[in-house]
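J.: Pasting in a structure now, in structure tokens, and then I'll have a few things to ask.
The values are calculated or read from the model by the stated rules, or taken from the named source; none is laboratory data. Not measured: the values here are computed from a predicted model. No Cβ is skipped: glycine too gets one built from the backbone with ideal geometry, and neighbour counts run over all protein chains shown.
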């Protein structure tokens, strides 16, 4: 038990690594990082493990390895027999195999440290079997499995090989199917409302009515879920909107000046300045509003730049 606790501590604390900025957990990690839902996910992937209980699994989610941006990874240790690494991905990229390779090396490093295994001894050490899954919620049919060797060294036989199973749907009503419904509903509402509380509220209501992560959502409550999702989407969505606006302004400025240099310089400078300003003001503003329980102000601020500026002045956010 002491070894397992040490292993979990190393995994969840990043083993002393410091991120360039805090990597916010995703809804996926938030849900399945809890023992109850982690167990449901394990049984959806391994129906034969029907006798497993919450006491048989531990969440060993990896934190602060890839430190430039957020990521959606989850690790589950099951009775010291499986280390199952799962990642939710809405945008297709075979580069996920590289991340998985890094995650596995890091996971085993911490497991060996926590269990005080001697990898230099003649006796073979015992390790839990690794498995890799990608929960893909994006569009388009994808292969059932990804191979590191085939994707990165086609026609060759590298000494390193890993494979990941691609999951695009669950069985009707199981926890994977519920998460898929949640993810697709959220995407549809973001297209309709933008990255705004209205999208989160509509997603919450639909999923509760259609039994998609219903227990989790009801336990959290609508306001807490909306606040959580707005904060989780803060970096990605606000910065994306900023970048789009900066690109539009830069193109207009470049056309007016009639110089290609002006367009390139305007885009580069505007993007950097936009990111810096958005990071310091938008994130701070939404965090402050939600901490004060001012959800309605956050909803209005999401779509009204002038109101955002007014709130920043009111709350002393420079």
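J.: For segment 302-318, what are the residues that are surrounded by 16 or more Cβ atoms within 10 Å (Cβ to Cβ) and at pLDDT below 75?
T.: Residue satisfying the conditions is 302 alone.
J.: Confirm whether residue 93 is on the phi < 0 side of the Ramachandran plot, loosely packed, with under 15 Cβ neighbours inside 10 Å and modelled with pLDDT under 90.
T.: For residue 93, the condition - on the phi < 0 side of the Ramachandran plot, loosely packed, with under 15 Cβ neighbours inside 10 Å and modelled with pLDDT under 90 - is met.
J.: While we're here: I'd like the full set of residues that are touching a strand residue (DSSP E or B) at 6+ places or on another chain (Cβ under 9 Å) and free of Cβ contacts under 8 Å to residues at least 60 places away in the same chain, limited to segment 88-111. Reasoning before the result, please.
T.: Start the filter on segment 88-111 by keeping residues that are touching a strand residue (DSSP E or B) at 6+ places or on another chain (Cβ under 9 Å), which leaves 88-90, 92, 94, 96-97, 99-100, 103-104, 107-108, 111.
89, 92, 94, 99, 103, 104, 108, listed by residue number.
J.: What is the residue count in segment 194-225 for residues that are free of Cβ contacts under 8 Å to residues at least 60 places away in the same chain and part of a loop (DSSP other than H, G, I, E, B)?
T.: So the count comes out to 4.
J.: Would you check if residue 61 is on the phi < 0 side of the Ramachandran plot, at pLDDT below 85 and buried (at least 19 other Cβ atoms within 10 Å of the Cβ)?
T.: It is true that residue 61 is on the phi < 0 side of the Ramachandran plot, at pLDDT below 85 and buried (at least 19 other Cβ atoms within 10 Å of the Cβ).
J.: Please go through segment 180-194 and pick out each residue that is buried (at least 19 other Cβ atoms within 10 Å of the Cβ), closer than 14 Å to residue 229 by Cβ and within 18 Å of the chain's Cα centre (by Cα).
T.: 182, 183, 185, 186
J.: Out of (1) touching a helix residue (DSSP H, G or I) at 6+ places or on another chain (Cβ under 7 Å); (2) at pLDDT 60 or above; (3) surrounded by fewer than 18 Cβ atoms within 10 Å (Cβ to Cβ); (4) more than 16 Å from residue 83 (Cα to Cα), what's the single condition that is false for residue 15?
T.: (2)
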